[in-house]
Amino acid sequence: MLVLGIETSCDETAAALVEDTADANRPWLLRSNIVASQVEIHREWGGVVPELASRQHVRDICGVVEGALATAGATWGEVGALAVTQGPGLIGSLLVGVSFAKAASWALEKPLVAVNHLAGHIESIWLEHGNIPLPAVVLVVSGGHTSLYLVERPGEYALLGRTRDDAAGEAFDKVAKLLGLGYPGGPIVDRLAQTGDDGAIRWPGTRLTNPDRNAPDRDGRFDFSFSGLKTAVLRHVRGRQAALGSAQLPEAEVADLAASFQRRVVDTLLDRAFAAAAFHHARSIGIAGGVSANSRLRRDAARAAGRRGVPVFIPSLALSTDNAAMIAAAGIRLLAAGRIAPADLNAAANLPL
Ligand code: KG4
Ligand code: ZN
């Protein structure tokens, strides 16, 4: 059966067709994966402008869905079910996808399932690699989230830890902005870091041992915090700008800053993921979300996997950043469980996983 996935939670309008093969070992076949990025629209403003994002989704959605059908060589009549991102995300953006999917589901008389965006990121690992050894610890690391989950059975996610303040991607974006590097920051810092010295500055690390004030019942030892690092970079940069009497730091120094900052973020992410994996006797680690596109994270994760004897699975670049194929993949799990969305489905900006 062909499942049409639709994703409009932030600044990417995406549609994809994923085939449910009913094969237990490799249940999914990616047939098409179309993404219309709004980066050029938001770049001018230094970040995503929600109202511009939702308006652009309205303009792009029909063409993107038609593109997904055409690329897969499929017709509307062959779509067996639909899966849409319900949340979390920008409410105006989410509404475009949810409204489109509900209308299409009604017109086609095919079932619709509502997918949590984070579940989509997690399932991108299964979509790419098939069944990975369980239990698995999965790190979802994106612009809005940095969370660790324990997956003991496919499709079931237990929260182990999360960031108490900034997400890792957000830290990349904020540090890039601070360094005057533009938007989105992650890929720019990644590129620049390749020419810098990652040992130039020893940034402070954060290891949380205290419980989260906002969730006192939860074991907080696998939580993250990136706001202290961001502030340390800010203070350092302001100090250097004052010392040099110029807002523009030398190119080599900016590269060193990028490399050492990136190293600190990657070390923290991998440290926590491997600690959680050891604690829960995980047989594998998965890493997904936009920041999993980071070249250093990918390289260091592969090295750590070899050293520690726990395999790490990361989706290909196209499935790391926001896309609708992962939404269709997560949707196939919901369809199998019979969790069809009600006709009055609404978008939910803060949908928890
Ligand atoms: O998953 P995603 O596409 O959207 C959200 O769900 O947030 O993640 C976007 C985030 C942004 O913060 C972006 O800067 C970051 O992922 N990102 C990267 C890289 N590519 C994207 N961060 C570090 N290195 C990269 N290569
Ligand atoms: Zn995402």
Exception for LEU159 within (1) modelled with pLDDT of 95 or more; (2) within 15 Å of ligand 1 (Cβ to nearest atom); (3) open to solvent by 50 Å² or more (accessible area, probe 1.4 Å) falls at (2)
Extreme residue, farthest from the chain's Cα centre (by Cα), among residues of the stretch 55-77 that are loosely packed, with under 15 Cβ neighbours inside 10 Å and part of a helix (DSSP H, G or I)
GLY77
Checked the stretch 126-155 for anything in contact with a Gly (Cβ under 6 Å, 6 or more places away or on another chain) and within 13 Å of ligand 1 (Cβ to nearest atom); matches are VAL140, VAL141, SER142, GLY143
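Results for (1) in a helix (DSSP H, G or I); (2) surrounded by 15 or more Cβ atoms within 10 Å (Cβ to Cβ), shown as yes or no for each residue.
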residue: SER292; (1), (2): yes, yes
residue: ALA302; (1), (2): yes, no
residue: ALA305; (1), (2): yes, yes
residue: ILE327; (1), (2): yes, yes
residue: GLY338; (1), (2): no, no
residue: ALA343; (1), (2): no, no
residue: ASN346; (1), (2): no, yes
residue: ASN350; (1), (2): no, no
So which of ARG298, ARG308 ends up being of a type in the set (Lys, Arg) and either out of contact with any Ser or Thr (no Cβ under 9 Å at 6 or more places or on another chain) or modelled with pLDDT under 95 (or both)?
ARG308
When you go through (1) under 18 Å from the mean Cα position of the chain (by Cα); (2) on the phi < 0 side of the Ramachandran plot one by one for ARG283, which number turns out not to apply?
(1)
Since VAL48 meets every condition but one in (1) in a loop (DSSP other than H, G, I, E, B); (2) under 14 Å from ALA347 (Cβ atoms), which condition does it not meet?
(2)
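The values are calculated or read from the model by the stated rules, or taken from the named source; none is laboratory data. Predicted model, so just to flag it, every value in this text is computed and none were measured. No Cβ is skipped: glycine too gets one built from the backbone with ideal geometry, and neighbour counts run over all protein chains shown. Note: areas computed on protein heavy atoms with side chains; ligands, DNA, RNA excluded. Shrake-Rupley method; radii C 1.70, N 1.55, O 1.52, S 1.80 Å.
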